[in-house]
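The values are calculated or read from the model by the stated rules, or taken from the named source; none is laboratory data. Nothing here was measured: the structure is a model prediction, and the numbers come from that model. When we count neighbours, we look across all protein chains shown, and the Cβ atoms used for this are built from the backbone with ideal geometry, even at glycine. Accessible surface areas use protein heavy atoms only, side chains included; no ligands, DNA or RNA. Shrake-Rupley method; radii C 1.70, N 1.55, O 1.52, S 1.80 Å.
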Amino acid sequence: ELARIGVTGLAVMGRNLARNLARHGHPVAVHNRSYSRTKELVEEFGHEGTFFPAETAEQFVASLERPRRLVIMVKAGGPTDAVIDEFAPLLEPGDMIVDGGNAHFADTRRREAALRERGIHFVGAGISGGEEGALHGPSIMPGGSPESYEALGPLLEDISAKVDGVPCCTHVGPDGAGHFVKMVHNGIEYADMQLIAEAYDLLRRGAGMEPGEIAEVFRGWNEGRLGSYLIEITAEVLAHTDAATGKPFVDVVTDQAEQKGTGRWTVQIALDLGVPVSGIAEAVFARSLSGDAGLRTAARELPGPSGALAEPAYSLVADVEQALYASKIVAYAQGFNQIQAGSAEYGWSIDPGAMSTIWRGGCIIRAKFLDRIKQAYDAAPNLPSLLVDEYFLDAVRGAQDAWRRVVVTATQLGIPAPGFSSALAYYDGLRAERLPAALVQGQRDFFGAHTYRRVDREGAFHVLWGGDRSEVAS
Ligand code: NDP
């Protein structure tokens, strides 16, 4: 008997993915650079299904049925290349290598092209949901060739999360499309987390509420349109008490957010594509600001608003819910625009509605409102922005007064709300009839003769700023 699929790299993610496969009745070959992890897995969880432990790469490959399906779950970057270099010579045309790590999509494109020349299908698959997701059903975003999806899709869909019986896994598009979408997923995750953190900060410092009370507010919100995994775990974290001190857990954690880099990638690529993902960028920068302890210490004496916090004349809690929902719509609208831009740039033909479908379960940003996003793209696959979809337009129309009050309150109280305020600025920028970009064009023409276009005539023009200031056609 041979294994249907193999997993190499048996740290938390690979181990749980292998167990998930075995639990679904798929005989799975397991391999790790250091054999101890392989042994441990089989000793501890061997009863869960059929495992083929392999000590060497050759044994591992020999235990796979053909065409071979081999999943790599190692540290992204150099280690992934090292593992590919080790296994590729042992494979034959038609075999498939799946990289389930958090690879940069450009690396995936490079690897896919190189392996395609040797007849090997390389599938960059974004996997979200952390170690729990890997074990109980992640959201899976596989790229690569359609042929490889025919052979891999049923297995991956089988172990993915399901919502209403629909698997949270679909073929995203060729080569790096899967890892690109996973990257944007993580960028949206950064934005969502930042917005939730700002909501907490406003309720804590603006409304003077205690973490336990705020946890209850989040539990309530989780029952409504904001219902999502991130809101749910926020309530859990806020309700948690530190055992050592008896204080709220949030008060004993150092307030410096760390990052592994996928949010930064999202913003870097958005800059290259010219897509304004300001919500994601603000979230990445907010983490950087929080982490710069030296700068923050040096700036501690900067003056802020004086006097006690004014009692807001309205319900800050209700307003913050509105601001959070509206800002979240903006963050997702921006992320989906980045997916559309990447898809156009690389010729991936990604279906945005399908992406919202596979994010409904398993992944970190799973949320009720992804159903709404699916409906929006099903109704109009080329929707220029989620914000102009009828449902979201209505939601923002209903939220905007509260959203503006929240941004004003945050500003007056000196509570930073870069996510809320940049989302609002983006919204107002989109809907503006005239933007001051006209002035920027004038400045560019003045100092660099960069020319400008006119509202009333075709062509490019330049003013002789250093001369008689007459206009010339360029
Ligand atoms: P790690 O990223 O911590 O990587 C550890 C694994 O990589 C071990 O199996 C290790 O082998 C192997 N490895 C490292 N260097 C090499 C090398 N040069 N050659 C061969 N093997 C090597 O493991 P995780 O399980 O946390 O993550 C795996 C992948 O999944 C990563 O790309 C990660 O970004 C991604 N991911 C992680 C998530 C998470 O929640 N942790 C969520 C989604 C994706 P050894 O035991 O011999 O050291």
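Do you know which residues across the range 7-24 are of a type in the set (D, E, K, R) and within 9 Å of the ligand (Cβ to nearest atom)? If the condition is that a residue be of a type in the set (D, E, K, R) and within 9 Å of the ligand (Cβ to nearest atom), then 15 is the only one that fits.
Taken over the range 225-247, the criterion of being free of Cβ contacts under 8 Å to residues at least 60 places away in the same chain and in a loop (DSSP other than H, G, I, E, B) is satisfied by 240, 242, 243, 244, 245, 246, 247. Look at the range 114-130: where a residue is within 16 Å of the ligand (Cβ to nearest atom) and at pLDDT 95 or above and a partner is assigned to a strand (DSSP E or B) and among the charged types (D, E, K, R), sitting 6+ places away or on another chain with Cβ atoms under 6 Å, you get 124/99. Of the candidates 80, 56, the single residue that is loosely packed, with under 14 Cβ neighbours inside 10 Å and closer than 20 Å to residue 11 by Cβ is 56. Note on the range 117-154: residues that are under 20 Å from residue 350 (Cβ atoms) and not in a loop (DSSP other than H, G, I, E, B) amount to 19.
Between 263, 291, 279, the distinction of being surrounded by 14 or more Cβ atoms within 10 Å (Cβ to Cβ), within 16 Å of the ligand (Cβ to nearest atom) and at pLDDT 95 or above belongs to 263 only. Among the residues of the range 48-58, are any among the polar types (S, T, N, Q), more than 9 Å from the ligand (Cβ to nearest atom) and closer than 21 Å to residue 91 by Cα? Taking every residue of the range 48-58 in turn, at least one turns out to be among the polar types (S, T, N, Q), more than 9 Å from the ligand (Cβ to nearest atom) and closer than 21 Å to residue 91 by Cα.
Conditions tested, residue by residue: (1) without any contact (Cβ under 8 Å) to a residue 40 or more places away in the chain; (2) open to solvent by less than 10 Å² (accessible area, probe 1.4 Å); (3) out of contact with any Lys or Arg (no Cβ under 6 Å at 6 or more places or on another chain).
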| site | (1), (2), (3) |
| --- | --- |
| 146 | yes, no, yes |
| 157 | yes, no, yes |
| 169 | no, yes, yes |
| 186 | no, no, yes |
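Checked across the range 105-112, the condition of being within 14 Å of the ligand (Cβ to nearest atom), modelled with pLDDT of 95 or more and either open to solvent by 10 Å² or more (accessible area, probe 1.4 Å) or more than 19 Å from the chain's Cα centre (by Cα) (or both) holds for at least one residue. Within the range 13-53, restricting attention to residues that are of a type in the set (Phe, Trp, Tyr) and in a helix (DSSP H, G or I), the residue that is surrounded by the fewest Cβ atoms within 10 Å (Cβ to Cβ) is 35. Here residue 380 meets each of (1) in contact (Cβ under 8 Å) with a residue 12 or more places away in the chain; (2) open to solvent by less than 70 Å² (accessible area, probe 1.4 Å); (3) farther than 24 Å from residue 272 by Cβ; (4) not β-branched (Val, Ile, Thr) with one exception, condition (1).
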